[in-house]
Every structure is written in structure tokens, then in C-alpha cells.
Amino acid sequence: MKCTRIFIFACLLWGLACIKHVFFPEVFWPSSCLAVNDTKQIEISVPQELQASLQEDEGCRFWQAKCDRFFVDAHLQPLGDKPVELTDPTPPERVYKTLARYKVKDVVLKDAQLIWVDDYPVWKYEFSGQKDGKAYDMVAASYLISHNRYIVTYFYHAGSETARDDALRSIKSLQDSKRTEKVEAQ
Amino acid sequence: MNQWLGTIGAVMMFLYEVIPGSWIWQTGAPEMTAVDDFSLCYPVAETMRDGRTFSIYLPVQPDKKQQAAAAPYVSLGEYEAAADGYQIRILHGVLETAAPAPRFDLAGFRQAFPQAAGNFDVQGEGIRLAGNKPLHIIEGVDGNDRKECLGFQAGRDVWLFYFQCAKDDEEAKAAIERVVESIAIN
């Protein structure tokens, strides 16, 4: 009887995992830490862990990951004490610079929307463009968190709804959490 | 029978704990393949005297310098980019008139790039196409280094390129190849 219960429990566990995968695939994504201070860390979930680059890009630290459905780049731009206009829907210059870094040409801004993620204001931009002769769509999120701008850009093949859904899920996964010993992607 | 169910249940729970979700839940073929190259690069673009634009993508941020013009050039600019494993130098000279054509031979490249001197053992010399433009190329080895010099003239504008990396550094060779492939004149 006890053994049957163990089996039923294991089946339930796997069944729930399957349901979670179908409805909340991001549950299985690893979270990568973008910044850390004495008490808090900023984390974002992406299907593959973000790898920090040893180089800097014009004073910005950056991370990259190539996932099955999209490529993602995260740039940390220190803003210092410069005031930032939150209501301005124009994408920051850094967003266009990041697209240029990956050879994206003929960039067209399709949508700009202010959303809230974990109590932080986030500008979400959607672009289309050409790279190496192929059409790509890009979703970029610009988070303003304590004198820093985090720009996370997702590149995927034009028209891929699943890749776009994954990118939007990842954008909404950003959170600040209590600092733990786990400091990946640093 | 019950014992078997219990054992299977225990194994299922063990696998649930130890196997990363991404191993099991991967569905469909990856949309991002090796063809989707997402190397970070820095665009360099200059308008030439004939009105066309020369552009190239470098893997690291280049230093731009203006050199003292020396005959036959009336102005001479330089881009230098170096990272772990490779060195890239680009010279852009402007001639007073479209003639005389500069020398794209070893002596000419040695004059432009001191690094091309020494024990440069030439292994190949000819023309290669990049950006629909025929480029003069000389490649060879010098000790453990692989060196490549390229050049072309477009009216009054002369572009000379020098690439160096370790002979067995496949990653650096691929990075250099991407740079050469990115040359475009529009």
C-alpha cells in the first residue's frame, strides 16, 4: 500500500510538472543575476543562463545567451545622477546602439509601451529589422532601477510568435530579491 | 507488484529532482542555429570621396587615430582593434588624384604595417571578394602567428587591412574572417 502511494505521488509530481511546463514554461528557466548590492540582487529568467562578457561596451557591462528560440543581450548602463524622463516613449540611444552591435539594419520601431514589472517601470519596445540578409524581430525592455538602466534585448526570427511569447515572459520575470550566495553571470 | 511500483515511484522522484527541466521539456527544433551569428561588433563607416560609404564590423571597439599624411596620401586615418588573440589595423589613405595606384604587394604592405615585416613567410597571394569588391590579399605565417594583409583602391580612397592571430587559434581566425566578410561598399 505504501509503495503504491509513493508511485501515485511520483506520478502526480510529474503530472504537475507537465502542466506547469505547458502553462508556465519560465518556471524551468534558470535565473541570472545582473547586479547585486549589499542587500539585494536583480534577477531575470532566461531559458539559458546569461553569460557575462569580460569586455565592456562603451562603459556598459553586458551579458549574452543564445537560447533555442531567441538570442538575448543584457546591457547595464550606469546613469549616475542624470534625470531620466520616464514618460518619453522614444527608445534610449543605447537600445539602437545594441541593435547596431549585432549588425541589425533597417530598424523600424513598431511599438513602445510602458509596463510595470515587480513595481519597476519598464519601457517595452518592439522592432523589426534585417540582419545578415534575414528578417528579425526584436523586443527590448528598458528597466530603470536605482541609477542604472538595464536594457535587455531579445532577437528572434521575424514572425515567430512562440519566441515573442518567451521574450515577453522573460521580460516580466525580472525581480529584485534578497541577496543570496548565488551570484551567477557576474 | 507493490514493491515494483514503489521502486519505480522512487526512481521517478529521484529523476524529477536531478534532471534539469530543459533536458526533458525541449519541444520542437531550435529556431536559433549556428547560422544565426550574434557576435558583438562595432560598426565603422566612412564616406569615401566618390560619395559611397565604406563599412566594416570589428569585434572590439577600435581606437581611431589620425596619422601624419605621408606620400602618396594627403590624409591618413587609422583604426586599431586588439583583443585576446588577435590584432586588427586598418589604414584609410586619401590620394590627391585617383592615380598613381598604390602597391598591394608585400613591400607595399610592409611599408604600411611594420608588423608585416620580420620573418613573414608568404603562403598565399591573390584576390578575394568581400562586399562585392575584389581585395588584394597576402597571407602567411611568422613563427606562431598567422598574418593577413588586404587592400583595395576605390578612386582616391585606399583601404589597407592587417590581421594577426595565433596560427592555431581557430576562434580568432573565425573572428577575423567575419571582419573580412563584413566589408561593404554601398
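Points worth noting:
- Restricting B:VAL158, B:VAL179 to those that are out of contact with any helix residue (DSSP H, G or I) (no Cβ under 8 Å at 6 or more places or on another chain) and assigned to a strand (DSSP E or B) reduces the list to B:VAL158.
- The criterion of being in contact with a Leu (Cβ under 9 Å, 6 or more places away or on another chain) and assigned to a strand (DSSP E or B) holds for B:ALA81.
- Residues within the range A:144-163 that are within 11 Å of another protein chain (Cβ to nearest Cβ), within 17 Å of A:TRP123 (Cβ to Cβ) and open to solvent by 50 Å² or more (accessible area, probe 1.4 Å), tallied: 0
- If you filter the range B:24-83 down to residues that are within 9 Å of chain A (Cβ to nearest Cβ) and closer than 28 Å to B:ALA98 by Cα, you find that the one that is least open to solvent (accessible area, probe 1.4 Å) is B:TYR57.
- Filtering A:ASP165, A:ASP137, A:ASP118 for residues that are of a type in the set (D, E, K, R), under 13 Å from the mean Cα position of the chain (by Cα) and closer than 21 Å to A:PRO47 by Cα leaves a single hit, A:ASP165.
For every residue, the table says whether it meets (1) open to solvent by less than 40 Å² (accessible area, probe 1.4 Å); (2) closer than 21 Å to A:ARG169 by Cα; (3) in contact (Cβ under 8 Å) with a residue 60 or more places away in the chain; (4) within 12 Å of chain B (Cβ to nearest Cβ).
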site: A:ARG69; (1), (2), (3), (4): no, yes, yes, yes
site: A:VAL72; (1), (2), (3), (4): yes, yes, yes, yes
site: A:LEU86; (1), (2), (3), (4): no, no, no, no
site: A:ARG94; (1), (2), (3), (4): yes, no, no, no
site: A:VAL104; (1), (2), (3), (4): yes, no, no, yes
site: A:ALA112; (1), (2), (3), (4): yes, yes, no, no
site: A:TRP116; (1), (2), (3), (4): no, yes, no, no
site: A:GLU126; (1), (2), (3), (4): yes, yes, no, no
site: A:ALA141; (1), (2), (3), (4): yes, yes, no, no
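- Every residue from the range B:97-113 that is in a helix (DSSP H, G or I) and open to solvent by 90 Å² or more (accessible area, probe 1.4 Å): B:GLN111
- Check on A:ILE19, within 13 Å of chain B (Cβ to nearest Cβ), of a type in the set (Val, Ile, Thr), open to solvent by 60 Å² or more (accessible area, probe 1.4 Å) and farther than 24 Å from A:ALA167 by Cα: no
Here's the yes/no breakdown for (1) over 18 Å from A:LYS131 (Cβ atoms); (2) in contact with a Pro (Cβ under 9 Å, 6 or more places away or on another chain):
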{"position": "A:PHE28", "(1), (2)": "yes, yes"}
{"position": "A:GLU43", "(1), (2)": "yes, no"}
{"position": "A:ASP57", "(1), (2)": "no, no"}
{"position": "A:PHE70", "(1), (2)": "no, yes"}
{"position": "A:ASP81", "(1), (2)": "yes, no"}
{"position": "A:LYS97", "(1), (2)": "no, no"}
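- Residues within the range B:80-112 that are farther than 21 Å from B:GLU46 by Cβ, in contact with a strand residue (DSSP E or B) (Cβ under 6 Å, 6 or more places away or on another chain) and modelled with pLDDT under 85, tallied: 1
The values are calculated or read from the model by the stated rules, or taken from the named source; none is laboratory data. The structure displayed is predicted, hence computed values, not measured ones. We place every Cβ from the backbone using ideal geometry, glycine too, and count neighbours over all the protein chains shown. What goes into the accessible areas is simple: the full protein's heavy atoms, side chains included, and nothing from ligands, DNA or RNA. Shrake-Rupley method; radii C 1.70, N 1.55, O 1.52, S 1.80 Å.
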